[in-house]
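S.K.: Sending over a structure as structure tokens; questions will come in a sec.
The values are calculated or read from the model by the stated rules, or taken from the named source; none is laboratory data. Note that the coordinates shown come from a computational prediction; the quantities given were computed from them, not determined experimentally. Cβ placement follows ideal geometry from the backbone for every residue including glycine, while neighbour counts extend to all protein chains displayed. When the accessible area is computed, the model is the full protein with side chains, heavy atoms only, and any ligands, DNA or RNA have been set aside. Shrake-Rupley method; radii C 1.70, N 1.55, O 1.52, S 1.80 Å.
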Amino acid sequence: MGLLRVLGKSIRFTFRSKLRFIVFIIIFAIISSFVAFFINDIDDLQTNRFIDQKAVEMEEISEFSVNYTQAMSTENDILNLEQTKNIDIEDHTKYLYYDLDTSVRMYSIDIAKPWMSSKIKPSHMETGNFPSEANEIMIPTGSFQIWNSSNNVTIKSDIVVGQTLIFENGEESIELLVVGTFNTNEIAIPLNINSELWMVVDITTFEEMVDLYDGDIENAYVYSMTFTVPGDVLSRETYFAVGELNDLIEELLVNQADISIYGNWRSHYAPLPTQEAIDEADLIILSIQYAILGGVLLSTMFAYLISRFRRNEISILKAMGYANRYVRATLIGEILTTSFVGFIIGLGTVQARLSYVGDFRQSSLLSSQSILVSFGLIVVISIPGMIFVSQKILRISPSEAFRTK
Amino acid sequence: MSLEVILEAENLAKMYKRGRSEVVRALEGVNVKMYAAELILLYGPSGSGKSTMLNLLSGLDNPTEGTIKFMGEDISEFSEKKLTTFRRENVGFVFQDWKLIPNLNAYENVEAPMYPSNMPSNELRTEAISTLRELDLLDREHHFPGELSGGEQQRVAIARAIMKKPKIIFADEPTGNLDKTTGNLIMRVLKRVCRQGTTVIVATHNEELKDYADKIIYLDDGKMISQSQ
Ligand SMILES: Nc1ncnc2c1ncn2[C@@H]1O[C@H](COP(=O)(O)OP(=O)(O)OP(=O)(O)O)[C@@H](O)[C@H]1O
Ligand SMILES: [Mg+2]
């Protein structure tokens, strides 16, 4: 309790040492804005440009739906390329759809691999979140429900984020929570969303739903498949490997002449990024390293300076009978307050800049993940300084208080 | 005067190493007994070892030789942790240059020694306010040290020292930075604190403070020359 009071008071008193506070807040704000800015860049790189580039995607050609059995045959042949053509495939996923009814269609995703499909992925969200639990689903923006009563009264109501949809069949039921809406323009398959309800659900729930209505997963269709190659998304080798895999798949598709067995597919992969894009990525990573290094240096310097500025005060506190941990709490209170306020200001600056540049669209906001990662880094950056301070105060003697300036 | 012995030093000595081989005998062969509610003056010229003696008696520094007994317990044997507890529970300090914490106002400076304690904040406030009232500082409660006169700052420092009701107060040249009138005021305050039961030990080279003393210990060149009642 005493320790908490000391910490609380020191946080309050930090705001009093105006000049020191402001100077260091500015320093911390600059470091944090650099860190947050670069982390955000990395996040964008991952999400919008790079992950797709590790993968070859196969799509059904729109006039010919590919059924589950056909997709399995093609998938097996592609996976066989690992042996016959000596190429590595790191991961693969099939994306299914299934009509529960003439007006309710489910699409599958794999919530463990949100970036594996270029069609339905987190950056295509319009509102809410990408599903992260098996019972969470997404719907296209503007989806609605229609009820028809026996007297021809029709009620049409929007389905909104946060709404629970309950699917019942006899005794059994499955509850699904709508957590987000996405942009349908990104989906190539033409569907009439004015008369149909689409739901994007995780593959495990997809299978449960098919079971619920006594269906068979073999009656599902496959709208796309993704195969990724091993390697670092930032390395040029990876793009060559993707290109090679795509060539082999195209060759295979030519050989699979009988589309009644294999389905009718088209394969593609994202174009190679230019050397400039790769250089840019390298530069961002280098910048983060420098920002962290600079941050560690500056925060250690800050810790050193406050233990100097407050040396006198530390000896007074010790003479008054403050144990080391209470003295430490007062200094750490100051470091935490300063770095936290600096972090918030830095973040605000980056946010303001992004919003200004990005025309206030949601995609231009810092993602909560970037914020968390940046905050984690700022905490890590402050640790050496805190350790330094803890060591330093052990060596300050309370008898120094008696020495007159 | 009560006869309870608060502090007793036997054969106390402190040596400092200066450079490689030179040894400074800052204090040697000191034997004293200090009783409850006594105002003791450590009197001597500059460099005679007054501050050194205060440091030893208050547990801020360890003696090279000798023992210091606080109510029968030998504090020279204490670990650093036990010394911190000893200081927290029994000792208050008053310094020549006040040593108030500049970012804290008068009221907070008085409260600060008790922040680590488990005393509820409202009790702490009541206690601090009554201490400030005792020292006639209530109207200065919200002033920061920079906004107070030297005498006022020293009274805040005394309030801070007596806040935790210590057994002993150590004051090193408490009037050293003050004019004569204000210095006398401070001494009267210390005398009053002493009458309420606290032992007050004042180190000074100012002869005029002798009038306030119950006992005077004369120091010269690290040695105790005489003691007068
Ligand atoms: N940390 C130290 N290291 C070395 N020598 C010291 C140290 N502290 C004090 N001394 C020496 O010990 C002697 C006594 O010093 P002390 O500070 O106790 O004197 P004082 O009586 O308080 O003097 P003043 O009236 O000037 O404050 C002096 O010669 C001083 O130089
Ligand atoms: Mg001195």
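S.K.: For q values of 0.10, 0.15, 0.16, 0.25 Å⁻¹, compute log₁₀ I(q)/I(0) with the Debye formula on a Cα-only model of segment B:1-97, without solvent.
M.R.: -0.28, -0.63, -0.72, -1.51
S.K.: What whole-number value in Å² describes the accessible area per residue of segment A:56-269 for a 1.4 Å probe? Please list the in-between numbers first.
M.R.: Values: 10550 Å² over 214 residues.
Here the residues of segment A:56-269 average 49 Å² of exposed surface.
S.K.: Taking 2.2 N^0.38 Å as the expected size of a compact globular protein, what ratio does the Cα radius of gyration of the protein assembly as shown give against it, to two decimals?
M.R.: Against the empirical 2.2 N^0.38 Å value, I get 1.51 for the protein assembly as shown.
S.K.: Using a Debye calculation, one point per C-alpha and no hydration shell, please list log10 I(q)/I(0) for segment A:56-269 at q = 0.18 Å⁻¹ in order.
M.R.: Normalising to I(0) and taking log10 leaves -1.33.
S.K.: Using only atoms on other chains, find how many Cβ atoms lie within 10 Å of each Cβ of peptide A:13-26 and report the average. Please report the intermediate quantities before stating the final value.
M.R.: Working: counts 5, 1, 1, 6, 2, 1, 0, 1, 0, 0, 0, 0, 0, 0.
The mean count of partner-chain Cβ atoms within 10 Å per residue comes to 1.
S.K.: For segment B:5-228, take N as its residue count and report Rg(C-alpha) divided by 2.2 N^0.38 Å. List each step's numbers first, then the result.
M.R.: Details: Rg = 17.5 Å, N = 224, 2.2 N^0.38 = 17.2 Å.
Compactness ratio reported: 1.01.
S.K.: A follow-up question, please. Please identify every one of the GluC sites (Glu not before Pro) in segment A:126-158 that sits in a loop by DSSP and has no more than 12 other beta carbons within 10 Å of its own beta carbon.
M.R.: Numbers: sites: A:E126, A:E133, A:E136; in loops: A:E133.
Hits after loop and neighbour filter: A:E133.
S.K.: Determine one quarter of the surface area of the Cα convex hull of segment B:93-209, which equals its mean projected area, and express it in nm² to one decimal.
M.R.: Numbers: hull surface 27.4 nm².
So the Cα hull casts an average projection of 6.9 nm².
S.K.: Run the simple label-point estimate for B:S130 and A:V23 please: 7 Å along Cα→C-beta, distance reported in nm.
M.R.: The two pseudo-label positions are separated by 4.4 nm.
S.K.: Run the quick spin-label model on A:F144 and A:F64: label points 7 Å from Cα toward the beta carbon, then report their separation in nm to one decimal.
M.R.: A separation of 3.8 nm, rounded to one decimal place.
S.K.: For chain A, find the longest principal axis of its Cα atoms and tell me its angle to the long axis of helix A:68-84, 0 to 90°, nearest 10.
M.R.: 60 degrees
S.K.: Related question: Spin-label point model (7 Å from Cα, Cβ direction): what's the A:E126 to B:E147 distance in nm?
M.R.: 5.8 nm
S.K.: With the solvent-accessible surface defined on protein heavy atoms using a 1.4 Å probe, which residues belonging to segment A:299-343 display a reduction of at least 30 Å² in accessible area in the multichain context relative to the isolated chain?
M.R.: A:E313, A:I316, A:A319, A:M320, A:G321, A:Y322, A:Y326
S.K.: Next question, about the same structure. In what order, largest first, do B:E127, A:E59 sit by accessible area if the probe radius is 1.4 Å?
M.R.: Largest to smallest exposure gives the sequence B:E127, A:E59.
S.K.: Another question, if that's okay. Which of the listed residues, A:S157, A:F227, A:G243, is farthest toward the dipole's positive end in segment A:56-269, when Lys, Arg count +1 and Asp, Glu count -1 at the beta-carbon?
M.R.: A:S157
S.K.: On to the next question. Taking the Cα centre of chain B as the origin, how large is its charge dipole in debye, to the nearest 20, when only Lys and Arg (+1) and Asp and Glu (-1) carry charge on their Cβ atoms? Write down the numbers at each step before the final one.
M.R.: Values: 29 positive and 33 negative charges, 41 e Å.
That gives a dipole near 200 debye.
S.K.: Same structure, new question: Give me the percent of the accessible area of segment B:5-228 that comes from carbon and sulfur atoms, probe 1.4 Å, all protein chains in place.
M.R.: Details: 4270 of 9430 Å².
Of the solvent-accessible surface of segment B:5-228, carbon and sulfur hold 45 percent.
S.K.: If you don't mind, another one. Exceeding 30 Å between C-alpha atoms, which entries from my cross-link table qualify? They are B:K17/B:K164; B:K14/B:K215; A:K9/B:K180; B:K17/B:K167.
M.R.: Working: B:K17/B:K164 35 Å; B:K14/B:K215 23 Å; A:K9/B:K180 37 Å; B:K17/B:K167 32 Å.
In this structure, B:K17/B:K164; A:K9/B:K180; B:K17/B:K167 exceed 30 Å between Cα atoms.
S.K.: While we're here: 222 nm [θ] for the protein assembly as shown, helices only, -39500 (n - 2.57) per DSSP H run of 4+, per residue, to 500? Before the final figure, lay out the partial values.
M.R.: Details: 16 runs with 265 residues, N = 634.
For the protein assembly as shown, the value works out to -14000 deg cm²/dmol.
S.K.: Still on this structure, please answer the following. Using a 10 Å cut-off around each Cβ of peptide B:114-121, what is the average number of partner chain Cβ atoms that fall inside? If you can, show how the numbers build up before the last one.
M.R.: Numbers: counts 4, 15, 14, 4, 3, 3, 2, 4.
Other-chain Cβ atoms within 10 Å of each residue's Cβ, averaged: 6.
S.K.: Still on this model: Among DSSP bridges having both ends in segment A:56-269, what percentage is antiparallel? Round to the nearest 5. Write out the running numbers ahead of the final one.
M.R.: Details: 37 of 48 bridges.
Antiparallel bridges make up about 75 percent of those DSSP assigns within segment A:56-269.
S.K.: With contacts defined as alpha carbon pairs under 8 Å and 6 or more residues apart, what's the relative contact order of segment B:75-229 in percent?
M.R.: Numbers: 202 pairs, mean separation 39.5, N = 155.
For segment B:75-229, the relative contact order is 25 percent.
S.K.: Still on this structure, please answer the following. Given a Förster radius of 60 Å and the C-beta distance between A:D91 and A:S157 as r, what FRET efficiency does 1/(1 + (r/R0)^6) yield to the nearest 0.05?
M.R.: Using R0 = 60 Å, I get an efficiency of 0.90.
S.K.: Same structure, new question: How large a share of the accessible area of chain A, in percent, is made up of carbon and sulfur atoms when the probe is 1.4 Å and the other protein chains stay in place?
M.R.: On the way: 11070 of 19950 Å².
It is 55 percent, rounded to a whole number.
S.K.: With every protein chain present, what is the per residue accessible area of segment B:5-228 (1.4 Å probe, Å²)?
M.R.: Heavy-atom SASA per residue in segment B:5-228 reads 42 Å².
S.K.: So how far, in whole Å, is the C-alpha centre of segment A:125-156 from the one of segment B:19-33?
M.R.: Centre-to-centre distance over Cα atoms comes out at 88 Å.
S.K.: Let me ask you something else. If you filter segment A:49-123 for trypsin sites (Lys or Arg not before Pro), then keep DSSP loop positions with at most 14 other Cβ within 10 Å, what is left?
M.R.: Within segment A:49-123, the qualifying trypsin sites (Lys or Arg not before Pro) (loop, at most 14 other Cβ atoms within 10 Å) are A:K85.
S.K.: If you don't mind, there's one more thing I want to ask. Among the residues of segment B:84-105, which ones have their accessible area go down by 10 Å² or more when all the protein chains sit together, as opposed to their chain alone (1.4 Å probe)?
M.R.: Residues shielded by partner chains are B:T84, B:R87, B:R88, B:F93, B:F95, B:Q96, B:D97, B:K99, B:I101, B:N103, B:L104.
S.K.: Is there a simple number for the mean count of other chain Cβ atoms within 10 Å of the Cβ of residues in A:166-174, and what is it?
M.R.: Numbers: counts 0, 0, 0, 0, 0, 0, 0, 0, 0.
Across the residues of A:166-174, the mean count of other-chain Cβ atoms within 10 Å is 0.
S.K.: In square angstrom and rounded to 100, what buried accessible area do you get between chains B and A, total over both, with the probe at 1.4 Å?
M.R.: Summing both chains' loss of accessible area gives about 2600 Å².
S.K.: Just to be sure I understand: if I project the alpha-carbon convex hull of segment B:158-229 onto a plane and average over all orientations, what area do I get in nm²? Please list the in-between numbers first.
M.R.: Details: hull surface 20.9 nm².
So the Cα hull casts an average projection of 5.2 nm².
S.K.: If you don't mind, another one. Can you tell me how much longer the chain between A:T204 and A:E244 gets when fully stretched, taken as 0.36 nm per residue apart minus their C-alpha distance, in nm with one decimal? Write down the numbers at each step before the final one.
M.R.: On the way: separation 40, 0.36 × 40 = 14.40 nm, distance 3.20 nm.
Once the chain is fully extended between A:T204 and A:E244, it gains 11.2 nm.
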